[in-house]
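A.B. asks: This is the structure I want to talk about, given as structure tokens.
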Amino acid sequence: MVQDKTPLHFVTLLGSLRAHSLNGIVARTLPSLAPPGITITSLGSVGDLPHYNQDLEDQAMPPAVLAMAEAIRAADGVIIVTPEYNYSVPGVLKNAIDWLSRVTPQPFAKKPLAIQTVSPGAIGGARAQYHLRQSLIFLDAFVLNKPEAMIGQATTKFTETTLTDESTKAFLTRQITALADLAYSFKHT
């Protein structure tokens with residue numbers, strides 16, 4: 001239950017580059033699932049960031065990294081939507097996190113954050129979520145514990161371009177509401 005009427009703004013960080021990614025469909029659907037008073041926008045593509053290389057960082061922090069960091073810092077919360085690759089997170093998402101970890105002040109520090117994974121498998125990307133949580137501990141993000149959004153057996157819940165499963169949509173709305181409650185608790189401390 002949302003505790004406050006102050007508008008909130010969340011951003012999504014998508015861990016997939018594929019044009020017809022089920023995770024991309026979820027990320028693009030989230031704004032329409034948000035309760036009143038909550039807006040959700042994309043941070044842009046993790047594909048716009050170069051491969052992390054300290055030599056590049058030593059020259060100058062890439063503008064795409066700084067723009068993403070500023071958008072995270074300005075947001076009330078972050079929703080990471082990602083597939084699971086080989087029992088972990090995709091390299092492009094890890095690359096984005098590695099770049100963002102180098103920005104000062106740290107954009108994820110004390111930031112409410114939710115994770116969503118989508119997979120055709122039965123457990124819906126659970127392993128990726130647990131690996132991602134390990135990286136986020138170092139960044140001092142406040143990851144929402146419940147409800148966890150692991151959308152399994154995804155091929156039965158989507159068309160090529162749309163999330164069609166109404167119970168999944170309702171569940172994602174509940175997670176957004178829980179993230180809003182976490183964000184409001186930070187605003188009142």
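A.B. asks: Yes or no: segment 68-79 includes at least one residue that is closer than 22 Å to ALA178 by Cα and without any contact (Cβ under 8 Å) to a residue 40 or more places away in the chain.
C.D. replies: Yes.
A.B. asks: If we scan segment 18-30, do we find a residue that is open to solvent by less than 10 Å² (accessible area, probe 1.4 Å) and either within 15 Å of THR177 (Cα to Cα) or assigned to a loop (DSSP other than H, G, I, E, B) (or both)?
C.D. replies: Yes, that holds for at least one residue.
A.B. asks: Which of the numbered conditions does ASN86 fail, given that it passes all the others? Conditions: (1) at pLDDT below 95; (2) crowded, with 19+ Cβ neighbours inside 10 Å; (3) among the polar types (S, T, N, Q).
C.D. replies: For ASN86, the exception is condition (2).
A.B. asks: Condition first: closer than 19 Å to ARG174 by Cα and more than 15 Å from the chain's Cα centre (by Cα). Now tell me which residues in segment 122-142 satisfy that.
C.D. replies: Correct list: GLY124 only.
A.B. asks: Given the criteria more than 12 Å from the chain's Cα centre (by Cα), within 21 Å of LEU139 (Cα to Cα) and loosely packed, with under 13 Cβ neighbours inside 10 Å, does ASP58 qualify?
C.D. replies: Spelling it out, ASP58 is indeed more than 12 Å from the chain's Cα centre (by Cα), within 21 Å of LEU139 (Cα to Cα) and loosely packed, with under 13 Cβ neighbours inside 10 Å.
A.B. asks: Please determine, by comparing only the residues of segment 87-125 that are assigned to a helix (DSSP H, G or I) and touching a residue at least 40 places away in the same chain (Cβ under 8 Å), which one is nearest to VAL26 (Cα to Cα).
C.D. replies: The selected residue is LEU93.
A.B. asks: Quick one: in segment 132-189, which of the residues that are among the aliphatic types (A, V, I, L, M) and free of Cβ contacts under 8 Å to residues at least 12 places away in the same chain is least open to solvent (accessible area, probe 1.4 Å)?
C.D. replies: For segment 132-189, the residue satisfying everything is ALA170.
A.B. asks: Output the residue which, of all residues in segment 89-121 that are of a type in the set (Lys, Arg) and surrounded by fewer than 21 Cβ atoms within 10 Å (Cβ to Cβ), is farthest from the chain's Cα centre (by Cα). Step through it out loud before you land on a result.
C.D. replies: Within segment 89-121, the subset of a type in the set (Lys, Arg) is 94, 102, 110-111.
Keeping just the survivors that are surrounded by fewer than 21 Cβ atoms within 10 Å (Cβ to Cβ) gives 94, 102, 110.
On the way: LYS94: 12, ARG102: 18, LYS110: 15 Å.
Restricting to residues being of a type in the set (Lys, Arg) and surrounded by fewer than 21 Cβ atoms within 10 Å (Cβ to Cβ), the top hit is ARG102.
The values are calculated or read from the model by the stated rules, or taken from the named source; none is laboratory data. Remember, it's a predicted structure, so these values are computed and weren't measured experimentally. Virtual Cβ from ideal backbone geometry, glycine too; neighbours counted across all protein chains shown. Just the protein is used for accessible areas: all its heavy atoms, side chains included, with ligands, DNA and RNA removed. Shrake-Rupley method; radii C 1.70, N 1.55, O 1.52, S 1.80 Å.
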